[in-house]
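Since the structure comes first, as structure tokens, the remarks are kept for the end.
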Amino acid sequence: MAQSENKVCTVKSWQEGPLIDESTLQEDLTRHFYYTLGRDMVGESRLYLYHALALTIRDRLVARCRTTRQQRQLSPTRQVAYLSLEFLMGRALGNAVLNLDLEDNVRHAVQEYCTTLEEVAEAEHDAGLGNGGLGRLAACFLDSCATLGLPVIGYGIRYEYGMFNQSIEQGHQVEHPDNWLREGHPWEITAPENTRRIKFFGHVEVYQDKHGRKHHQWVNTQDVLAVPYDVPVPGYKNEVVNTLRLWKSEATDEFNLSEFNAGSYTEAVARKNLAEQITMVLYPNDSSENGKELRLRQQYFLSSASLQDLLANWVAGHGEDFSEFAQYNVFQLNDTHPSIAVAELMRLLVDEHDLDWDAAWHITTRTMAYTNHTLLPEALEKWSVSLFSRLLPRLLEIIYEINARFLTEVACQWPGDMQKQRSMSLIEEGAHPQVRMAYLAIVGSFSVNGVAALHTELLTGGLFNEFYQLWPHKFNNKTNGVTPRRWLAHCNPELAKLIGSKIGDQWVAHFADIEKIRRYYDDKAFQTQWLSVKQHNKQKLVDLVKEACGVEFDVAMMFDVQVKRIHEYKRQLLNILHVIYLYERIRKGDTANLTPRCVLLGGKAAPGYFMAKLIIKLFNNVAEAINNDPLAKPYLRVAFLPNYNVSAMEVICPATDLSEQISTTGKEASGTGNMKFMMNGAVTIGTLDGANIEIRDAVGVENFFLFGAKSDELAAIRSTYNPNQIIQSNPALQEVMELLESGHFNLFEPGLFQPIIDSIRDPHDQWLVAYDFESYIEAQQKVELAYQDKEYWTRLSILNTAASGEFSSDRTILQYSQEIWQLAQQ
Ligand code: 26V
């Protein structure tokens with residue numbers, strides 16, 4: 001043996017690592033700029049300075065991440081893996097600077113480069129690894145878990161291309177790829193030593209061991225590697241840094257080599273592409289994408305890699321003894337997207353770790369917890385049995401076995417009721433049988449939760465009622481929340497400072513404290529300051545709208561905003577009808593009581609969603625007509641902000657006066673934009689849907705502009721719904737429809753909006769646009785009056801922020817922690 005191999009390694013341990021604190025920040029920035037990145041011109045692009053600063057901050061995150069890990073290893077407790085196909089993180093720099101309390105140092109350091117923190121931060125691409133609410137919720141949850149010091153690790157996919165970028169051309173949405181990694185992603189650190197191997201295709205062989213026990217071997221598979229990239233998640237001023245582990249797919253080496261040696265170079269390269277395809281692109285939330293094989297591959301890839309990761313860690317610490325595994329691990333499934341994890345955990349425990357079925361099922365059903373995020377039938381995932389049997393043959397066998405045992409339980413509960421067995425089966429029968437993923441998630445989990453009170457009621461009373469009857473104890477509600485760090489402290493620093501001047505800064509980490517600001521809602525001087533902050537924020541949005549849309553907004557007018565994914569149930573169409581109604585009034589000279597307003601709409605339509613795209617086009621055509629009409633200018637300005645994303649919302653929500661939350665009752669599971677607006681002092685006009693109900697209760701019914709049908713009236717309304725009659729009997733709506741139908745907004749494109757007109761007039765219109773029009777207009781008129789009284793409106797605004805305490809994701813996560821995860825109190 002060589003001499004050197006006997007030597008004890010004397011490399012410094014982590015405790016003795018180089019000094020990393022505020023005092024060395026300036027030096028580190030310079031070092032990264034000059035040496036890591038090899039730059040020397042101070043005037044060089046902001047991008048390099050951003051990278052140097054990100055690396056400087058990352059050093060500090062890495063140090064804390066290590067300490068966090070070390071401390072947890074010293075006293076192990078139960079930990080949570082949050083499994084999600086989406087993490088909509090947005091930008092990381094500003095958030096890290098805030099949470100590490102480095103703002104003053106960083107501002108000082110970048111001054112040397114003749115620029116500002118804000119300018120440098122603009123160089124960062126949004127990490128847009130999510131569609132909307134569900135993905136952003138996962139990001140807010142990670143922030144809250146780290147802030148509360150909870151041992152929670154996020155597991156997701158490192159998509160090469162995130163949510164598509166949207167531009168507007170001739171009023172139409174055009175999609176562009178989001179190549180967010182092109183200029184590098186300085187926050188991530190890869191851990192190739194933790195690479196996992198994922199199986200696809202192949203077949204299952206059964207053999208008996210010498211004790212007569214049956215074993216299943218999934219063989220002849222085509223394997224793909226999962227390589228982890230770790231992104232640090234800092235808690236707010238508490239030294240904790242958690243991890244978000246994102247998996248990238250890569251081809252295995254031997255796979256390439258064997259084909260290569262057989263002379264099939266091109267085939268080998270093609271297969272490499274196939275493997276790398278898995279994490280290439282985030283699927284848009286689009287029912288036309290349902291059933292796509294690549295999406296199922298992504299789901300299994302994430303689930304298998306993450307579970308293998310956790311099991312490998314367990315085995316490293318405990319060997320093959322899984323008796324205490326369930327005591328130390330929880331898996332939270334973010335919707336059904338990772339629900340194949342239920343079957344995969346069974347496979348890993350039974351096939352790869354030799355547990356018997358019952359022991360494995362005991363562990364699975366004590367570690368899995370499922371969150372539902374939608375009641376829309378088209379969003380409930382089903383996968384064809386034939387696809388499953390080809391792509392994941394062993395998983396299908398396991399699902400059948402779970403189902404057989406489950407149906408025995410159903411038969412015990414409802415003896416002789418075959419219909420029950422059919423309706424609750426994990427397999428939907430028919431010409432093309434399907435696996436019902438939500439049912440798999442429910443059967444395999446100890447907890448099933450909805451995301452707002454009404455949503456959970458509708459789940460237990462409707463969609464999942466049979467399961468609720470069988471296992472009422474599994475079901476619970478966890479009303480969503482958003483992180484007050486990003487959605488108030490970071491995005492609205494002026495308001496944060498004003499709040500701080502009155503009630504101190506405790507609220508940033510203890511958001512229930514925000515209620516203390518209520519004391520000042522009648523204080524004139526405070527109101528003046530509040531209003532002045534709002535005006536500043538509005539000016540920033542004016543600049544953004546001018547630059548992005550070429551439309552002049554005016555801070556003196558009311559800012560009326562609806563930003564969210566474009567979907568019929570969210571009823572951007574109702575908003576447009578109101579805009580047309582206002583325009584009609586202006587054209588008729590009926591402007592006596594009209595409050596001047598700027599209407600802003602933003603959001604992406606799924607690329608295959610025809611109606612959503614047509615709604616964008618209609619809004620843009622209406623905007624064009626209004627903005628070019630000098631009559632309208634003093635009263636109404638209308639703009640569609642292209643490419644709505646997390647960073648845009650950081651400018652939009654602090655500047656908004658009126659928050660539009662106008663979905664058809666029963667359709668929006670919770671909503672979270674509603675909470676961001678509320679925190680920033682916007683007043684809501686909304687239906688009794690999702691978390692709007694709780695928002696209205698919190699702020700007081702007199703401080704919320706309610707309209708629309710109630711959820712318990714819907715069945716009766718739908719059964720006799722006659723939109724044409726409603727239109728006929730409502731002169732305002734009649735005029736709006738006439739203007740729309742006259743082709744006024746599509747002079748050169750006859751018939752363009754016919755599908756929209758037809759949908760409003762359709763007695764089967766699920767979204768009840770015509771039904772709610774009248775009450776919407778009435779509520780808008782109340783808004784106008786309220787806004788005209790500046791003092792009254794400012795009071796409303798203060799009251800909204802003051803009442804937003806319960807919509808912090810810290811509250812939500814504490815509830816998950818205590819009621820589902822049962823984590824030790826930190
Ligand atoms: C479905 C699909 C199907 C095709 C492939 C891609 C894809 C991606 C996502 C989805 C389901 C999305 C469900 C969802 O986003 N729900 C939203 O969750 C928010 C957080 O709980 C909630 O505030 C919103 O009300 C709810 O719509």
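The values are calculated or read from the model by the stated rules, or taken from the named source; none is laboratory data. Only a predicted model underlies this, so the values are computations on that prediction, with no experimental measurement involved. For neighbour counting, all protein chains shown are included, and Cβ atoms are generated from backbone atoms with ideal geometry for every residue, glycine included.
Counting only residues that are in contact (Cβ under 8 Å) with a residue 60 or more places away in the chain, of a type outside the set (Phe, Trp, Tyr), away from the ligand (no atom under 12 Å from the Cβ) and in contact with an Asp or Glu (Cβ under 9 Å, 6 or more places away or on another chain), how many does segment 272-305 have?
Looking only at that region, the number is 4.
For segment 356-372, which residues satisfy the criterion of being without any contact (Cβ under 8 Å) to a residue 60 or more places away in the chain and among the aliphatic types (A, V, I, L, M)?
Result: Ala359, Ala360, Ile363.
Determine if segment 382-390 includes at least one residue that is within 18 Å of Leu470 (Cα to Cα) and not small (Gly, Ala, Ser).
No - not one qualifying residue is present in segment 382-390.
Taking Arg485 as the residue in question, decide whether it is touching a residue at least 40 places away in the same chain (Cβ under 8 Å), crowded, with 19+ Cβ neighbours inside 10 Å and among the charged types (D, E, K, R).
yes
Any residue at all in segment 322-332 that is within 16 Å of the ligand (Cβ to nearest atom) and either closer than 19 Å to Leu391 by Cβ or in a strand (DSSP E or B) (or both)?
yes
Pick out the one residue from Leu129, Leu148 that is closer than 26 Å to Ser670 by Cα and either modelled with pLDDT under 95 or buried (at least 24 other Cβ atoms within 10 Å of the Cβ) (or both).
The match here is Leu129.
Give me the helices (runs of 4 or more DSSP H) completely within segment 702-808, filtered to those with at least 1 residues that are closer than 26 Å to Thr595 by Cα, touching a strand residue (DSSP E or B) at 6+ places or on another chain (Cβ under 9 Å) and of a type in the set (A, V, I, L, M), ordered by residue number.
Helices (runs of 4 or more DSSP H) meeting the threshold: 769-788, 790-802.
Conditions (1) assigned to a helix (DSSP H, G or I); (2) more than 30 Å from Lys710 (Cα to Cα); (3) over 20 Å from the mean Cα position of the chain (by Cα), marked per residue:
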site: Ile442; (1), (2), (3): yes, no, yes
site: Val448; (1), (2), (3): no, no, no
site: Thr456; (1), (2), (3): yes, no, no
site: Leu459; (1), (2), (3): yes, no, yes
site: Phe467; (1), (2), (3): yes, no, yes
site: Thr479; (1), (2), (3): no, no, no
site: Arg486; (1), (2), (3): yes, yes, no
site: Ala496; (1), (2), (3): yes, yes, yes
site: Ile499; (1), (2), (3): yes, yes, yes
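Can you find a residue in segment 308-316 that is within 16 Å of the ligand (Cβ to nearest atom), of a type in the set (S, T, N, Q) and within 21 Å of Ser339 (Cα to Cα)?
no
Out of all the residues in segment 346-366, is one or more in a strand (DSSP E or B), of a type in the set (Gly, Ala, Ser), under 20 Å from Arg78 (Cβ atoms) and modelled with pLDDT of 95 or more?
No.
Checking Leu380 against (1) within 16 Å of the ligand (Cβ to nearest atom); (2) over 30 Å from Ala275 (Cβ atoms), only one condition comes out false. Which one?
All conditions pass for Leu380, except number (2).
Any idea how many residues of segment 668-690 are in a loop (DSSP other than H, G, I, E, B), of a type in the set (A, V, I, L, M, F, W, C) and touching a helix residue (DSSP H, G or I) at 6+ places or on another chain (Cβ under 6 Å)?
Looking only at that region, the number is 1.
Quick test for you: out of Val622, Val651, pick the one residue that is away from the ligand (no atom under 16 Å from the Cβ), aliphatic (A, V, I, L, M), assigned to a helix (DSSP H, G or I) and touching a Cys at 6+ places or on another chain (Cβ under 9 Å).
Going through Val622, Val651 in turn, just one is away from the ligand (no atom under 16 Å from the Cβ), aliphatic (A, V, I, L, M), assigned to a helix (DSSP H, G or I) and touching a Cys at 6+ places or on another chain (Cβ under 9 Å): Val651.
When you look at Val451, is it within 30 Å of Ala715 (Cα to Cα), within 16 Å of the ligand (Cβ to nearest atom), out of contact with any strand residue (DSSP E or B) (no Cβ under 6 Å at 6 or more places or on another chain) and modelled with pLDDT of 95 or more, yes or no?
yes
Do any residues in segment 50-61 that are more than 16 Å from Thr115 (Cβ to Cβ) and modelled with pLDDT of 95 or more have Cβ atoms under 8 Å from those of residues that are among the polar types (S, T, N, Q) and part of a helix (DSSP H, G or I), where the two are at least six apart or on different chains, and which pairs are they?
Listed by first residue and then by second, the contacts come to Leu55/Thr36.
How about segment 678-720: which of its residues are among the basic types (Lys, Arg) and within 21 Å of Pro484 (Cα to Cα)?
Arg696
Could we say that Ile693 is assigned to a helix (DSSP H, G or I) and either modelled with pLDDT under 95 or within 17 Å of Leu375 (Cβ to Cβ) (or both) here?
So Ile693 passes the test.
Checking the condition away from the ligand (no atom under 16 Å from the Cβ), over 27 Å from Gly94 (Cβ atoms) and surrounded by fewer than 16 Cβ atoms within 10 Å (Cβ to Cβ), which residue from Gly500, Gly504, Gly461, Gly444 passes?
Of the residues listed, the single one that is away from the ligand (no atom under 16 Å from the Cβ), over 27 Å from Gly94 (Cβ atoms) and surrounded by fewer than 16 Cβ atoms within 10 Å (Cβ to Cβ) is Gly461.
Under the condition of being under 22 Å from the mean Cα position of the chain (by Cα) and of a type in the set (A, V, I, L, M, F, W, C), which residue from segment 153-173 is surrounded by the most Cβ atoms within 10 Å (Cβ to Cβ)?
Here the answer is Met163.
Looking at (1) touching a strand residue (DSSP E or B) at 6+ places or on another chain (Cβ under 7 Å); (2) not in a helix (DSSP H, G or I), find the lone condition where Pro630 falls short.
If we test Pro630 against (1) touching a strand residue (DSSP E or B) at 6+ places or on another chain (Cβ under 7 Å); (2) not in a helix (DSSP H, G or I), just (1) comes out false.
Criterion first (farther than 30 Å from Arg64 by Cα, not in a strand (DSSP E or B) and not small (Gly, Ala, Ser)) does His216 satisfy it?
No: the conditions fail for His216.
Taking the condition within 16 Å of the ligand (Cβ to nearest atom) and over 22 Å from Asn329 (Cβ atoms), does Leu375 pass?
yes
Out of curiosity, is Leu454 surrounded by 20 or more Cβ atoms within 10 Å (Cβ to Cβ), farther than 25 Å from Val80 by Cα and either touching a residue at least 12 places away in the same chain (Cβ under 8 Å) or in contact with a Phe, Trp or Tyr (Cβ under 9 Å, 6 or more places away or on another chain) (or both)?
yes
Checking Gly666 against (1) surrounded by 24 or more Cβ atoms within 10 Å (Cβ to Cβ); (2) within 22 Å of Glu778 (Cα to Cα), which single condition isn't satisfied?
(1) is the only condition that Gly666 fails.
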